[in-house]
Amino acid sequence: QVQLVESGGGLVQPGGSLRLSCAASGTIFNIYTMGWYRQAPGKQREFVAGITTDNKTYDVDSVKGRFTISRDNAKNTVYLQMNSLKPEDTAVYYCNKRFQPFVSWGQGTQVTVSS
């Protein structure tokens, strides 16, 4: 059974940084393009950034230049380095496959950007 466990969220002031981690188990991690997603209160979950099996990265315009996705296949872990955080980045952050996500999502990690 696939398990995704996100961590690293918290409360941070605008302009601050956080590094999120997502540990995967129960799957062959390194064959998938992985992604980070987020869901703000009252909004649908949205894709934020993705990383291919050969470490090509891409992200949405709203986080471009501020967020960096990376992965460590040996640790079955994907990371999201978030810099220059803004209040509009406040959301619960999740990881999953970029394409055909696993049915079972993790619990997510809350990121709150506020002064």
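A few comments on the model shown:
- For the chain, built as a Gaussian network whose Cα springs stay under 10 Å, the top-fluctuating residue of Arg98, Arg66, Arg38: Arg66
- Cα-based reach from Lys75 at 17 Å (exclusive), listing aspartates and glutamates while leaving out same-chain residues under 8 positions away: Glu6, Asp54
- Averaged over residues, the count of other Cβ atoms within 10 Å places the peptides 44-50, 57-63 in the sequence 44-50, 57-63, highest first.
- Applied to segment 58-72, the Karplus parametrisation 6.51 cos²θ - 1.76 cosθ + 1.60 on θ = phi - 60° returns per-residue 3J(HN,Hα) values of 7, 8, 7, 4, 5, 10, 4, x, 10, 10, 10, 9, 8, 8, 10 Hz, with x for Gly and Pro.
- Size of electric dipole in the chain: Cβ of Lys, Arg +1 and of Asp, Glu -1, about Cα centre, debye, nearest 20: 60 debye
- Surface share of carbon and sulfur [accessible, 1.4 angstrom probe, percent] for segment 4-86: 48 percent
- Rolling a 1.4 Å probe over the heavy atoms of the protein chains gives segment 9-67 an accessible area of 54 Å² per residue.
- Local electrostatic count at Gly35 - Lys and Arg +1, Asp and Glu -1, tallied over other residues with Cβ under 10 Å: +1
The values are calculated or read from the model by the stated rules, or taken from the named source; none is laboratory data. In this text, all values refer to a predicted model and were calculated from it rather than measured experimentally. Backbone-built Cβ (ideal geometry, glycine too); neighbour counts: all protein chains shown. Remember, those area values only see protein heavy atoms, side chains included, never the ligands or the DNA or RNA. Shrake-Rupley method; radii C 1.70, N 1.55, O 1.52, S 1.80 Å.
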